[in-house]
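The block underneath contains the structure these notes are about, expressed in structure tokens.
None of the figures in this text is laboratory data; all of them are computed from the coordinates on show. These numbers come from a predicted model, not from an experiment. Counting neighbours? That spans all protein chains shown, and the Cβs are built from the backbone with ideal geometry, glycine included.
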Amino acid sequence: PHTNSQFYTVASEAHQLISGEPHFRNLDDFNNELKSSLSPTFAQYCMSKLMNMLYAFELQRHLTSVGSPITVIALHPGAVNNFSDELSLSNFKFIPKPIMSLFFLHPDQGAYNSTFSAASEEVAKQCEKYKGAYLCNASRQGNRADEGGKG
């Protein structure tokens, strides 16, 4: 009964870039409706991150309704540069890396929210505060959990 069980799902602030009214009828809708986007692959990424958040919020609602002590947190790792080493122009990596570092976090920094959620004493001690929360930029916002899924 006094366990500190937690479940995490990785989301993204990119969910805010979804335009129009998302439909969740089936996988074909997911693929077909986004084909006309400027970047269908990125639109699918954004939509999948929204779905991750909605899943986390609904899972927390269900677990709470049955009296489960499990804490469910959706989290945004930040815009993480996990691709500049993979660029096909490997002889020219020195060019994009400094530019990428202006806009993207190093992978170690991107792991902060996940690590904070999993290992922080604050989350363990204040689990009610974090139930159904969307954690975004914990290091820059005083470890604040947004009330994204509560309500």
So between ASN32 and GLN16, what do we pick up on full extension, going 0.36 nm a residue minus the alpha carbon distance?
3.8 nm
Taking 0.36 nm per residue of sequence separation and subtracting the Cα-Cα distance, how much length would be gained by fully extending the chain between VAL66 and ASN4, in nm to one decimal?
20.7 nm
Alpha-carbon centroids, the stretch 32-66 and the stretch 106-135: separation in whole Å:
20 Å
How much length, in nm to one decimal, is gained on full extension between SER48 and ALA124, taken as 0.36 nm per residue of separation minus their Cα-Cα distance?
24.6 nm
Between HIS23 and GLU58, with labels modelled 7 Å along Cα→Cβ, what's the label distance in nm to one decimal, could you check?
1.8 nm
